Structure formats: structure tokens, C-alpha cells
Amino acid sequence: RPVKPLYTSKDAFAGEPLKQEVFSPKASDALPLPLYLTTGLFFTMFFSVMYFLLVRWREKIRNSIPLHVVTLSELLAMVSLIASVIYLLGFFGIGFVQSFVSRSNSDSWDIEDENAEQLIIEEDSRRGPCAAATTLGCVVPPPPVRKIAPMVPQQPAKVALSQMEKPAPIIMPALSEDDEEIIQSVVQGKTPSYSLESKLGDCMRAASIQKEALQRITGKSLEGLPLEGFDYESILGQCCEMPVGYVQIPVGIVGPLLLDGREYSVPMATTEGCLVASTNRGCKAIFVSGG
């Protein structure tokens, strides 16, 4: 027995002859005449009938005749007026007039399409899976969903771990017994670091003790941070507490700056060369203007 093919709702009537499409009627289809003749006829009829009715109503008002009493000619004129108004409304693209005409036909086609789709869905639900999926219309199960495993970053090799840079060893400078005791008290939290300058009276010695205590607390070396060569007495009480070293900053020269008739070259420490250049241009402007 041949297998009866199943089709979707869109292809269910592919083998049948195509149904004739239903076109909504247009205003120009009122008469089997060319468009310009039909339009001209209805325009002429509209204005002629309107003029006739206005003249008749004026005569009735003058002669005290009720307006609802109409003759056969007036009745035909009103019917012609209504027909011409409907045509003109449809001609100028007002679709709500034509919707009453085409609604019944379109509704019948929609009901037939819905019934056909519902029938096909019921037949598909009753049938079991086919033994062999072919192109004859058997229901083919969807392909299995592929699960994508999350990407796990590879662990670095042990060789790479061995080649990693080891932290720099902490170099223990030669310290006296008194300095060693102070460092131990600072590490243990018995002596606050900010009080070393006032207790020792030597800012350079206090900075070296603070640097060594910081190395022991953090376990990291501060070998690259210079300590000697800086006047720590000049920053005492200047909002710079617990110094452990200093950082070298490039110094540029700004000038000439003309002040009170004398030229000055001012050193400016900055990490941005544009700041020195901008200040230098300002100094030159002051110099040119007379100081």
C-alpha cells in the first residue's frame, strides 16, 4: 500500500488546482466602461442630482410643502446621489466602503483555510513515526541537540612554573642591636612607625628602620628603592609621614623668566614633558612682554 504523503499547511493543496484569488471590488468596476468615462459619468451625475435636489427643496420651502413628501423623480435623484457618493468615496481610496462588500468572501476563504490546517494537524498527531524517513512526507524527528562543552583553560606546564621569576630575595643590611630591637618592636606592633622620627631624633635612621620593617612585614624586597642621598629632615612635619625612600623624577628647565629686571631659569620636576613645554612658552611670553 503506498504511503499517503503528509504536507504542511502551506503545501497541503500544492497538488490541487490553484483556487482563483479573490480580488476586492474597486469603484472603477461599477460599469464596464473605461475608467475616465465611468469617473466622468459619476462626477456629472453627482453635481447634476445635487443641483436638482437643492432646487426642489428650495421650491418646497417657498411653497410650504413638507420635505418628506417626495416624487418619483426626487426619489430617483436621491438614489443616484447615494450611488455617486459611494463611487467617489471608493475612487478616492476610502476603503471602509468596500470592506462591507468584500468581507463576506474573505471570511469564507479564511474559515476554509483554518479548517484545512486543523485537519492536517490532527492527522499528523494520530500517525506514529515512520519506519524510514523518506521524502514521501514522513515525519522526520528533529536532530539531537548538540551539547557544547565549556572550554576549560589548560593548566600551565610544570616546566613553565619552574621558569617563572622568583621574588627577589630580601637583602638584610647590617644593623646594630638597638636598630634590630626597634625593628622587632615595629613588626610586632609595639612601636608605631610614625613616632620613630620624634623618638630617635634622626630622620635618616628612622627611614631605614621603617624600610626594613616594611620588608619583613610584606615579605617583599625594596632593594630598588633608594634611601641614601635625600634630606629627610626637610620633609619632617610636611604631611609626609613614614618615608621609606624616594623616587627619582626627571627635572626640566623652564625659562628664561624675567622678574624684576632679572632673568631666572626655574627647574621643574615632572613626568610629563608637555607640562614643562607649556610653562616654558608662558615664561617666554612674560619675557617678551617686559616681565
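The values are calculated or read from the model by the stated rules, or taken from the named source; none is laboratory data. What you see is a predicted model, and the numbers here were worked out from it, not measured in a lab. FYI the Cβ positions are ideal-geometry reconstructions off the backbone, even for glycines, and counts take in every protein chain you see.
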Report summary line: For Glu241, the lone unmet condition from (1) more than 30 Å from Asp179 (Cβ to Cβ); (2) in contact with a Ser or Thr (Cβ under 9 Å, 6 or more places away or on another chain); (3) charged (D, E, K, R) is (1)
Requested in this report: Scan the stretch 162-172 and give yes if some residue there is part of a helix (DSSP H, G or I), at pLDDT below 85 and under 48 Å from the mean Cα position of the chain (by Cα), otherwise no.
Outcome: yes
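Quick check: is even one residue across the stretch 261-276 aliphatic (A, V, I, L, M), part of a helix (DSSP H, G or I) and farther than 30 Å from Ser195 by Cβ?
To start, the set of residues in the stretch 261-276 that are aliphatic (A, V, I, L, M) comprises 266, 268-269, 275-276.
Keeping just the survivors that are part of a helix (DSSP H, G or I) gives 275-276.
Those still in the list that are farther than 30 Å from Ser195 by Cβ too: 275-276.
Yes.
Those residues that are in a helix (DSSP H, G or I) and under 23 Å from Gly237 (Cα atoms), I need them from the stretch 186-201; list them, please.
Result: Val186, Ser193, Tyr194, Ser195, Leu196, Glu197, Ser198, Lys199, Leu200.
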Query - Top-ranked residue of the stretch 246-277 - restricted to ones that are modelled with pLDDT of 85 or more and among the small types (Gly, Ala, Ser), ranked as surrounded by the fewest Cβ atoms within 10 Å (Cβ to Cβ) - result: Gly261
Query raised in the report: Any residue in the stretch 235-243 that is modelled with pLDDT under 85 and part of a helix (DSSP H, G or I)?
Result: yes
